[in-house]
Structures are given as structure tokens and as C-alpha cells.
Amino acid sequence: MITYSDFKIYKIDEILKDIVRHIEIKAPFSLIRFGDGGIKFLHAIYYNDDKQLEDISEREGIPMDKFVYVLEEWGRCARSANYIDTPEVYFTPKFWPKIKKQNKEVSKKTITRMRMWRDLYSRGEFDNLSFCNPEVNYLLCLRMPEKRNLIDIMEGKKICCICTTDEIIEKVPMCDMDVIKIVGHFEDQYNNSFHHVVDEIKNRAMDYDMWFIAAGELGRIYSGMIKDCGGIAIDMGFVIDYWINGEIPHRLLYFIETPKKRPLEFKLNSNGMKYSNFL
């Protein structure tokens, strides 16, 4: 656990051990990442950025008249989650900086909003102090010396993945995986997938050892509902895409790489290694 002046961020090994414990005792669990998208949504709601809200509505498939519902559900799910993420790590020497790609920083507008996370989380009533790194989905898959990772934990487990394609099934042969398919970006997920997914969660939440979620802004709600129904939910996001296509996001290429013969995992490169003691 990394301790800052007034809060703590749990390390990856601590979170992995907690996941294993919850699987063993069959206790409900959720790890929810709000990331940049969550920050932008909260900022747009509370600071009346209508253009940003329109963009989010179109991309994420959330009708404008459902934003209050989504916001309320986010707050409820965040409060009950075992872990939620904080962007604070990007503003410390204990984690790599937020970049778009090597030698290209994210916009000042994005950084300004990220620095407002305490205000935005407070307004959203995200009353939860069990924080994790925003890149936790990738970090859970890191191969570190003499330590297990999420891939090890997946071995022999029954897992359900909420994502846009069932191609993931053949990419993870070490586990028994089912998929609940959703539509992709710009395809009206709320009207075309949301209610079906919610029904599936209510009926099947405890049928699996773990659920992996890769469903954008509505995915935060799925994760919370899985925990509500007794299941174990981990917000894996774009890691699912990586497992399918093998492409590491540009912002991470400067710090992590794919180990030889371990296509589902990551390892720190020389730039990332300097942060290893803090992960």
C-alpha cells in the first residue's frame, strides 16, 4: 500500500491477494475504474459542458435523459466497491506520467480536469477511500519476479466477460469463459444492450468465479450490479482488446511490453522498472 498525505493507494499484490480471498470464500467484490472518461463525464455534468455531454452520449450510447440515472448509479456502485481508481498517482514521482504517447503529453485541459478529481468525486458522492491505480487493469497482468498475476489466478476458473466480441474465448484457453456481448461505441449501448446485460447479471452473477467488464461508462454500473448480486467483478477495459489483438496502447508502450511466449501478460521495460517498488 502506498501512503500519501491523506489517503492510500493499494498495491497490485495486495489487490490480487484480495481477489483470491474473495474467490475462495465466494464473497462479492468489485473493482471499478472511472479513468479519464469518468472524470470527463463528472466534469461535464457539474460544470455544464453540454458539448462534452453530447459527445459522451453519442460515443457511449447513453441517452441524455439517462445521465442523472447513470450518475446516481456510479455513486452507489463507487461507494460499495472494494476499490476505485484515483488519477492522483500521475502527479507524483511514484508512477509514470500521463501521456498520449512517447514525447507527447495529454492536453492541459485533460490534466486540469484530472487534478480536480477530489472535487468531482465528492460531488458524485464517491465516498470510498480504497483507491487503486487507474492502470490497474494492465498492472494486474504484470509478470513480476516471484509473484502471481491475474493470468495465474485465471487458471481453471469459470469467467464471464461483458464485451463486444466472443473472440476473447479462444485467446484465454486456461479458463472456462463465457461472453455476454454488447454493442460497441456509437451503437446506442443503453437501448441495445444494457437491459439484457442487467437481466443476465441478475440471473447468473454467482455462476462464475469472476466477471471481466469491458463496457465503457455503463460498465461501471455492470460491475456494481455484479457485486450487488453476489459476484466478483473486475473492470478490465481495454485489456480485453489487448488480449484479442496484441496491441498495447500508445500511452503505455514507453513503460511496458509483452514478454516472449506470454501473450496475455506484460512486463516493465527499462522506463517502467524505476516505478516497480511502488506498484
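The values are calculated or read from the model by the stated rules, or taken from the named source; none is laboratory data. Quick caveat: nothing in here was measured; it's all calculated off a predicted structure. Methodologically, a virtual Cβ is constructed for each residue, glycine included, from the backbone with ideal geometry; neighbour enumeration extends over all protein chains shown.
With the condition kept exactly as written, say whether any residue in region 24-33 is among the β-branched types (Val, Ile, Thr) and either at pLDDT below 95 or farther than 21 Å from Ile221 by Cα (or both). So far as region 24-33 goes, yes, one or more of its residues are among the β-branched types (Val, Ile, Thr) and either at pLDDT below 95 or farther than 21 Å from Ile221 by Cα (or both). The criterion of at least 2 residues that are touching a Cys at 6+ places or on another chain (Cβ under 7 Å) and buried (at least 16 other Cβ atoms within 10 Å of the Cβ) is met, among strands (runs of 3 or more DSSP E) falling completely within region 123-196, by 176-181.
Whenever a residue of region 141-153 is polar (S, T, N, Q), its partners that are in a loop (DSSP other than H, G, I, E, B) and surrounded by 14 or more Cβ atoms within 10 Å (Cβ to Cβ), lying with C-beta atoms within less than 8 angstrom and at least six residues away or across chains, give the pairs Asn149/Leu140; Asn149/Cys141; Asn149/Arg143; Asn149/Glu265.
Tell me, which residue of region 243-259 that is free of Cβ contacts under 8 Å to residues at least 60 places away in the same chain and not in a loop (DSSP other than H, G, I, E, B) is surrounded by the fewest Cβ atoms within 10 Å (Cβ to Cβ)? My answer is Asn245. If you go through region 90-106 and pick out every residue that is among the basic types (Lys, Arg), in contact (Cβ under 8 Å) with a residue 12 or more places away in the chain and not in a loop (DSSP other than H, G, I, E, B), you end up with 2.
For region 49-93, a residue qualifies if it is hydroxyl-bearing (Ser, Thr, Tyr) and within 17 Å of the chain's Cα centre (by Cα), and the qualifying residues are Ser80, Tyr83, Thr86, Tyr90.
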